[in-house]
1. Return the only residue of Gly100, Gly82 being touching a strand residue (DSSP E or B) at 6+ places or on another chain (Cβ under 9 Å) and either of a type outside the set (Val, Ile, Thr) or assigned to a helix (DSSP H, G or I) (or both).
2. I need the full set of residues from the range 138-161 which are open to solvent by less than 60 Å² (accessible area, probe 1.4 Å) and under 18 Å from Leu96 (Cβ atoms), in order please.
3. Return the residue satisfying two criteria in turn: it lies in the range 1-38 and is open to solvent by 40 Å² or more (accessible area, probe 1.4 Å), over 16 Å from Gly82 (Cα atoms) and in a loop (DSSP other than H, G, I, E, B), and of such residues it is modelled with the highest pLDDT.
4. If only one of Leu117, Leu41 is assigned to a loop (DSSP other than H, G, I, E, B), more than 28 Å from Met10 (Cβ to Cβ), touching a residue at least 24 places away in the same chain (Cβ under 8 Å) and within 16 Å of the chain's Cα centre (by Cα), which one is it?
5. Hey, could you check the range 89-101 for residues that are in contact (Cβ under 8 Å) with a residue 12 or more places away in the chain and either out of contact with any helix residue (DSSP H, G or I) (no Cβ under 7 Å at 6 or more places or on another chain) or among the hydroxyl-bearing types (Ser, Thr, Tyr) (or both) and say which is surrounded by the most Cβ atoms within 10 Å (Cβ to Cβ)?
Amino acid sequence: MGTEDLPGQMTAEARELLRDMKAIASEKLAPIAAAGTPGRLNRPLIAALAEHGVLPRIFPEELDGTGTGEASAAVLCLLREGLAQGSTEAETALALQGLGAYPILQAGREELRRRWLPRVAQGEAVAAFALTEPEAGSDAGRLTLNAERTDGGYVLTGQKKWISNAPD
């Protein structure tokens, strides 16, 4: 079952958001994605996600005036589905920005949140995401990375196999 099977079960607002995201992805973002270098971060695509109001929607409004969204799971799913229908690269870029920035939103110190989240929402900063490890793959329950608190913050000890956006 795809989203085309769900219109009667979605609100008019949800259908509109899905249509809008697909149109933005197809018309505006897909050409920018196609101009990028495979396997490398596409900063113009990240900037365009912000310019077209997509990135700010995943951050709360109180985010120094740069967030516009309610950051709900349902809205995030509609954003991602609509983008994926028009540009898988745009959907992946949005997903990685969320995966990398949400830990800061959820558990970061206020100073860290104020420093980075507005820049991510505006497409100026790019988040990275590191989950996989050589012996655990992406099984979060088997990860062995250790975070040790120090006076200056944390020291991380361990290995990661793939880190999204790390080359850039």
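The values are calculated or read from the model by the stated rules, or taken from the named source; none is laboratory data. This is a predicted model, so every value here is computed, not measured. FYI the Cβ positions are ideal-geometry reconstructions off the backbone, even for glycines, and counts take in every protein chain you see. For the accessible areas, the whole protein counts, side chains as well, though only heavy atoms, and no ligand, DNA or RNA atoms are used. Shrake-Rupley method; radii C 1.70, N 1.55, O 1.52, S 1.80 Å.
1. Numbers: Gly82 fails: touching a strand residue (DSSP E or B) at 6+ places or on another chain (Cβ under 9 Å).
Result: Gly100 is the single residue among Gly100, Gly82 that is touching a strand residue (DSSP E or B) at 6+ places or on another chain (Cβ under 9 Å) and either of a type outside the set (Val, Ile, Thr) or assigned to a helix (DSSP H, G or I) (or both).
2. Lys160, the sole residue that qualifies.
3. Across the range 1-38, the extreme among qualifying residues is Ala35.
4. Numbers: Leu117 fails: assigned to a loop (DSSP other than H, G, I, E, B).
Exactly one residue qualifies, and that residue is Leu41.
5. Within the range 89-101, the subset in contact (Cβ under 8 Å) with a residue 12 or more places away in the chain is 89-91, 93-101.
Filter once more, so that each one left must be either out of contact with any helix residue (DSSP H, G or I) (no Cβ under 7 Å at 6 or more places or on another chain) or among the hydroxyl-bearing types (Ser, Thr, Tyr) (or both): 96, 99-100.
Numbers: Leu96: 18, Leu99: 16, Gly100: 20.
Checking each candidate, the answer is Gly100.
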